[in-house]
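One structure below.
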Amino acid sequence: MRFQEAPVPGVWIIEPEPRGPESDWCARILDVEELRARGLDVDVVQCNSSFSSRRGTLRGMHYQAEPYGEPKLVCCLRGATFHVALDLRPQSPAYGCWHGTVLSAQSLRTLYLPPGVAHGLQTLVDDCEVFYQMGRRYVPEAARGVRWDDPAFAIQWPPVADGGARLLSERDRSFAYWGIAPTARARRRSSRACSGAG
């Protein structure tokens, strides 16, 4: 397994190293000891999956408020999806910054997100399935979200293929704007290393 830390501190992209021919391979996609060696919380207590039948479906930006912050491992089992990690930790040097990456069934990449980092995704093709391994159980009263198009963060989502419209749930459309402090906005704009897609 290969580990690459994203520009947002504590966010990691994990790539397996398949063995065997393309038609008949195997790969290790979770190694608790390797995760713990990097200080990552890996006590998985709940697994979830989501399915989206149409490209351009956008989910997010979701997180759980403290003290119920949830670390998570996210991978794409079918299709291809663009994922965003948004740093909402006030004491983080990357507060207000985001990083985007593509996960797909072909690449087998996994995204690790620590507590305090909001997550969102957009499907790039039809019929996408995403699998989540959660380090804390879902607590409905602690569930929070911020708008996917909040100008305070200026997340650069990929255009929908064929010029289609993005599809969002009513819940995701109803999230309020974050209202990030002006000093943090300036810090986000001046720190290009902590934003963007890769």
Pairs where the first residue, in the range 35-58, is farther than 17 Å from HIS119 by Cβ and the second is part of a loop (DSSP other than H, G, I, E, B) and of a type in the set (Val, Ile, Thr), C-beta under 9 Å, 6+ apart | LEU35/VAL42; ARG36/VAL42; ARG55/VAL125; ARG55/VAL160; GLY56/VAL160
Test for GLY164: is it of a type in the set (Gly, Ala, Ser), farther than 22 Å from PRO93 by Cβ, in contact with a Gly (Cβ under 9 Å, 6 or more places away or on another chain) and modelled with pLDDT under 90 | yes
When residues of the range 30-67 are filtered for being under 22 Å from SER174 (Cα atoms), over 13 Å from the mean Cα position of the chain (by Cα) and surrounded by 13 or more Cβ atoms within 10 Å (Cβ to Cβ), how many remain?
-> 9
Among the numbered criteria (1) under 19 Å from SER53 (Cβ atoms); (2) open to solvent by less than 20 Å² (accessible area, probe 1.4 Å); (3) small (Gly, Ala, Ser), which single criterion is violated by ALA161?
-> (2)
Hey, among ARG38, ARG55, ARG28, which residue is charged (D, E, K, R) and within 30 Å of ASP150 (Cα to Cα)?
-> ARG55
Criterion (farther than 21 Å from VAL125 by Cα, in a strand (DSSP E or B) and not hydrophobic (A, V, I, L, M, F, W, C)) met by exactly one of TYR112, TYR68 = TYR112
Those residues that are on the phi > 0 side of the Ramachandran plot and either modelled with pLDDT under 80 or among the β-branched types (Val, Ile, Thr) (or both), I need them from the range 1-26; list them, please.
-> GLY20
Could you list, in sequence order, the residues of the range 167-198 that are of a type in the set (A, V, I, L, M) and at pLDDT 90 or above?
-> LEU167, LEU168, ALA176
PHE153 within 17 Å of PHE51 (Cβ to Cβ) and of a type outside the set (D, E, K, R) | no
Give me a count of the residues in the range 10-28 that are in contact (Cβ under 8 Å) with a residue 12 or more places away in the chain and either surrounded by 15 or more Cβ atoms within 10 Å (Cβ to Cβ) or of a type in the set (Gly, Ala, Ser) (or both).
-> 8
Please go through the range 74-95 and pick out each residue that is open to solvent by less than 10 Å² (accessible area, probe 1.4 Å) and farther than 12 Å from GLY116 by Cβ.
-> VAL74, CYS76, THR81, HIS83, VAL84
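The values are calculated or read from the model by the stated rules, or taken from the named source; none is laboratory data. Predicted model only: the values in this text are computed from it and were never measured. For neighbour counting, all protein chains shown are included, and Cβ atoms are generated from backbone atoms with ideal geometry for every residue, glycine included. All accessible areas refer to the heavy atoms of the entire protein, side chains included, with ligands and DNA or RNA removed. Shrake-Rupley method; radii C 1.70, N 1.55, O 1.52, S 1.80 Å.
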